[in-house]
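Read the figures in this text as sums done on the coordinates, not as results from a lab. The shown structure was predicted, so the numbers you read here are calculated from the model rather than taken from an experiment. Every residue, glycine among them, receives a Cβ derived from its backbone with ideal geometry; neighbour counts consider all protein chains shown.
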Amino acid sequence: MRIIVTGGSGFIGTNLVHYLLKSGHQVTNIDKLTYAANPETHALFSNHPHYSFYQIDLCRPERLDRIFSVFQPDAVMHLAAESHVDRSIDGPREFIQTNIIGTYNLLNAALSYWRSLSPESKDRFRFHHISTDEVYGSLGEEGLFTETTPYSPNSPYSASKASSDHLVNAWHETYGLPTLISNCSNNYGPYQFPEKLIPLVIIKCLSEQELPVYGDGQNIRDWLYVEDHVSALLTVLTRGEVGRSYNIGGNEEHTNIDIVTRICQTLDNLNPPKTVKNRTDLIRFVKDRPGHDRRYAIDASRIRTELLWSPEESFETGLNKTIRWYLDHESWWKRL
């Protein structure tokens, strides 16, 4: 397939582009190259004959129509988004612009292109919007998010992603654009920007700095290794039912404090600390962030039963791979 990937220089995007190229697809990456973009993306893919790149801000859509016309994609995989909750609390404007207006602009460009296609090409075309489980809000001690869970976002970030989900559904219902939506749980793995929990803790552990943990550390997330996620995304794109949404989860619920403790213990074994006896001595509980959802957990039975996808990595194996990747790629994260 010929696939436009937006945000292909970000964390999930870099892993997705690698997976698509390895699977034999042609990829055009559209990315604004913000602070969270992976600086090694071009080195990784620039010599690949089936890869091209355009540095474009989706909030300035003038060039989108030409890219669609020249590349003639069979599909769009839309990942481009501002994604860090803390940043959305401090400055929500960029989240509204990128996640809502950017999605609107991309939908319009895709719709215009789709309408120009032959009937056969129209039937093949797909617009896959990649979203988050945070749109559902917070769970209690029991229960799981399903595809029919009502939206109840609690942060500017999750509200902006919920808005973009609704736009995608509206473009399908109103204009007939063949869309798919996937909502995933927390990702982790190679090339994740160091402001996120797992890479932040790994890097602070390595430099033996204090490890801040929000509140009591008992907030729970369902964790998904990024390479499992990108395989699920291609599964949804190629086998998913148009107009349907799919929850993608790792079936791995863990508290924040458990994750921080695991990383400390693993690094103590791999790289013994010099300034403290154990890295868990560096943990400091700090004031909780506003609107911090207590628990997320995904019911991924739809994608498992309908599309026959399930994750290959456990949290233990995925976390060990991630820690070793950061140990082996110090030059990458030190530049950031």
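Each Lys and Arg adds +1 at its Cβ and each Asp and Glu adds -1 at its Cβ; summed about the Cα centre, the chain shows a dipole of about 780 debye.
For Tyr214, the residues whose modelled amide H falls within less than 5 Å of its own, excluding neighbours fewer than 5 places apart on the same chain, are Val286. The DSSP beta bridges internal to the chain are antiparallel in roughly 10% of cases. For the chain, the 222 nm mean residue ellipticity estimated from helices alone, with every DSSP H stretch of n ≥ 4 adding -39500 (n - 2.57) and the total spread over all residues, rounds to -12000 deg cm²/dmol. In the stretch 297-336, the C-alpha radius of gyration followed by the widest Cα-Cα span (Dmax) gives 15.5, 43 angstrom. Shown here: the chain, whose C-alpha atoms stretch 67, 45, 39 Å along the first, second and third principal axes, sorted largest to smallest. Compute the Cα gyration tensor for the stretch 98-253, then decide on rounded, prolate or oblate, letting a ≥ b ≥ c be the square roots of its eigenvalues: rounded whenever a/c is under 1.5, prolate when a/b is larger than b/c in the other cases, and oblate in all that remain. Here the stretch 98-253 falls in the prolate category. Please list, in order, the residues from the stretch 215-246 whose amide nitrogen is less than 17 Å from a point placed 7 Å along the Cα→Cβ vector of His329. Under cut-off, by backbone N: 224-231. From the C-alpha coordinates alone, can you work out the Kirkwood hydrodynamic radius of the stretch 164-261, in Å? That comes to 15.7 Å for the stretch 164-261. By the compact-protein rule of thumb, 2.2 N^0.38 Å, the alpha-carbon radius of gyration of the stretch 83-183 corresponds to a ratio of 1.20.
Computed from backbone phi with θ = phi - 60° and the Karplus coefficients 6.51, -1.76 and 1.60, the 3J(HN,Hα) list for the stretch 80-89 is 4, 6, 6, 10, 9, 4, 4, 5, 5, 6 Hz; x is used for glycine and proline.
Once you've got the GNM for the chain with C-alpha springs shorter than 10 Å, pick whichever of Thr238, Thr14, Thr41 has the biggest mean-square fluctuation. Comparing Thr238, Thr14, Thr41 in a Gaussian network model of the chain, the most mobile one is Thr238.
The residue list Asn154, Ile56, Phe127 was ranked by how far each Cα lies along the charge dipole of the chain toward its positive end, using unit charges on Cβ atoms, and Ile56 comes out on top.
Dimensions of the stretch 221-280 from C-alpha coordinates, computed as largest minus smallest value along each principal axis and given longest first, are 55, 19, 13 Å. Other residues within the sphere of radius under 9 Å centred on the Cβ of Gly240, judged by their own Cβ, net out at +1 (K and R +1, D and E -1). A dipole drawn for the stretch 241-327 from +1 and -1 charges on Cβ atoms has a positive end, and of Gly249, Thr266, Tyr296 the residue lying farthest that way is Thr266.
Computed on the chain, with alpha-carbon pairs under 8 angstrom and 6+ residues apart, the relative contact order is 18 percent.
Of the residues Glu40, Glu142, Glu94, the one that moves most in a GNM of the chain with alpha-carbon contacts below 10 Å is Glu142.
Percent of Cα-Cα pairs per 5 Å bin, from 0 to the last occupied bin, for the stretch 183-336, please list those. Percent of pairs per bin, in order: 2, 9, 17, 19, 18, 14, 10, 6, 3, 1, 0, 0.
Projected label points at Lys287 and His42, each 7 Å from Cα along the beta carbon direction, are separated by 4.2 nanometres. Here the 3J(HN,Hα) profile of the stretch 302-315, calculated from phi with Karplus coefficients 6.51, -1.76 and 1.60 at θ = phi - 60°, is 5, 5, 6, 7, 8, 10, 6, 10, 8, x, 9, 8, 7, 5 Hz, Gly and Pro shown as x.
Along the stretch 11-24 the Karplus relation, 6.51 cos²θ - 1.76 cosθ + 1.60 evaluated at θ = phi - 60°, assigns HN-Hα couplings of 4, 5, x, 4, 5, 5, 4, 4, 5, 5, 5, 4, 8, x Hz to successive residues, with x for each Gly and Pro.
Taking each of Lys32/Lys196; Lys22/Lys334; Lys196/Lys287 in turn, the alpha-carbon distance tops 23 angstrom for Lys22/Lys334. Once both labels are positioned 7 Å from their Cα atoms along Cα-to-Cβ, the gap between Arg294 and Val276 label points is 2.8 nm. The per residue volume of the convex hull around the alpha-carbon atoms of the stretch 13-114 is 98 Å³.
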